[in-house]
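The values are calculated or read from the model by the stated rules, or taken from the named source; none is laboratory data. Since the model is a prediction, treat every value here as computed from it, not as a measurement. Using ideal geometry, Cβ is built from the backbone for each residue, glycine included, and neighbour counts are taken over all protein chains shown.
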Amino acid sequence: MMFFNNKFSGIDFRENKLTFASIKMEKGLPVLQQLLVSDLEQPLIQGGRVSEQANIQSVLRDYVKGKGGAKQAHLAIPTQHTLVRKISSLPDLEEKELGRLLQFQIGDSILLPFDNPIYDFVKIGSLAAQRKLDNDDTLSVDDLSSNIQEELLGARSEILFFATSRELTEDLIKVCEQGEVKPLSAEIRALALKRLINFVHSSWLTQTEMVVEVSKESIDLHIFKDELILFSRTMPINQNVYFDTLQNESAVEKSDETLWIEDEMNELILNETKENQAHQAAEEIAAVQTANMEEAFQLNAYVSDLVNEVEKAQNFFRYSLGERQSEFTRIIVTGEYTSRIFDLFSSQMPTHVCRIDYEAVLNQGFAQEQLLDTCSVAIGLAMRGHEKAKKR
């Protein structure tokens with residue numbers, strides 16, 4: 001007798017860490033089992049390829065065997081290695097014919113940052129050619145030229161186009177398989193977040209909304225309109241700007257935002273005079289230094305840059321993607337720095353700012369609530385369950 005496996009993992013590949021979520025499907029509903037964050041000593045991707053594969057394989061094996069994670073997994077491709085674009089230059093055809101046409105357009109009229117891309121698309125509508133009245137004296141030369149071009153093109157398809165690097169995707173699949181994980185699908189991070197948000201907040205993402213992921217190494221910005229992802233971009237973080245180091249403490253200006261606990265450190269040194277306690281004192285001092293590094297986080301600088309990036313993304317969406325009439329209903333914040341920046345960020349934004357409520361996927365007594373925002377993408381991936389990637 002065969003038993004149907006109803007436990008799935010989501011694995012989010014980040015620049016310097018992997019996050020994991022395990023979901024059990026109970027009567028068709030997802031229930032979160034456990035979360036895990038594994039920091040990497042070296043960047044995950046270098047030169048567009050997965051580096052340090054042996055180390056990542058070891059992390060994956062430990063997750064499946066030692067940490068009890070589900071072997072069947074859905075993967076996320078880092079946002080900086082994916083492309084999301086709305087295209088409205090192709091003729092109004094059925095998806096099957098559009099798929100054939102795209103094969104000839106890629107690399108020609110549709111330029112991609114990947115030499116050997118994997119791509120997919122979905123048709124979201126049709127655009128009819130709009131011809132203005134011939135006796136309209138107000139038409140400029142550009143307007144007339146545009147009208148002629150539209151009449152030549154005729155009705156057009158409106159599609160959402162997704163692409164990523166084939167080599168990188170194959171690397172991720174390979175490292176999973178050699179790490180004893182069975183990959184079921186790979187998708188962009190924004191779609192995993194959409195799956196999670198749609199389940200726990202069914203009324204969200206139905207208008208024009210932004211999802212902001214905040215972390216130590218990057219900020220991801222995703223814009224949705226009518227539940228469709230129209231924009232997705234990563235802003236790398238220069239950590240030296242937002243963190244003070246303790247390597248040259250005397251050179252660091254002390255302020256209300258940069259907290260130091262020198263008294264506690266000195267007291268540790270003075271009290272631990274016995275030779276057999278020296279090692280313990282060194283460990284405690286190192287722990288205080290680590291805590292100080294966290295407290296030295298420059299919150300105002302980080303949030304100021306975050307606000308600027310959000311405003312730039314909104315302006316690009318309005319004026320470069322032709323959405324001038326769109327007003328943002330809400331900004332949803334997630335990621336490992338959510339609790340740290342939420343209040344200050346909310347106070348500086350005119351748009352309503354909110355957080356994800358995970359209660360609908362939690363059993364009573366779930367003990368890892370502090371990791372929920374850090375692992376939100378992995379949770380959305382694992383919720384994919386038995387669904388497999390659609391292939392063209």
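Here are some notes:
- Spans of helices (runs of 4 or more DSSP H) in the range 91-187 with at least 3 residues at pLDDT below 90: 95-105, 141-153
- Residues (in a loop (DSSP other than H, G, I, E, B) and free of Cβ contacts under 8 Å to residues at least 60 places away in the same chain) located in the range 216-236: D226, E227
- Among residues of the range 57-79 that are on the phi > 0 side of the Ramachandran plot, those with a Cβ under 9 angstrom from a residue that is surrounded by 16 or more Cβ atoms within 10 Å (Cβ to Cβ) and assigned to a strand (DSSP E or B), sequence gap 6+ or separate chain, pair up as G68/S22; G68/Q33; G68/Q34.
- All positions within the range 200-215 that are part of a strand (DSSP E or B), farther than 16 Å from G335 by Cα and β-branched (V, I, T): T208
- Answer from Q42, Q53, Q57, Q80 - the residue that is under 30 Å from V214 (Cβ atoms), exposed (fewer than 14 other Cβ atoms within 10 Å of the Cβ) and out of contact with any Cys (no Cβ under 6 Å at 6 or more places or on another chain): Q42
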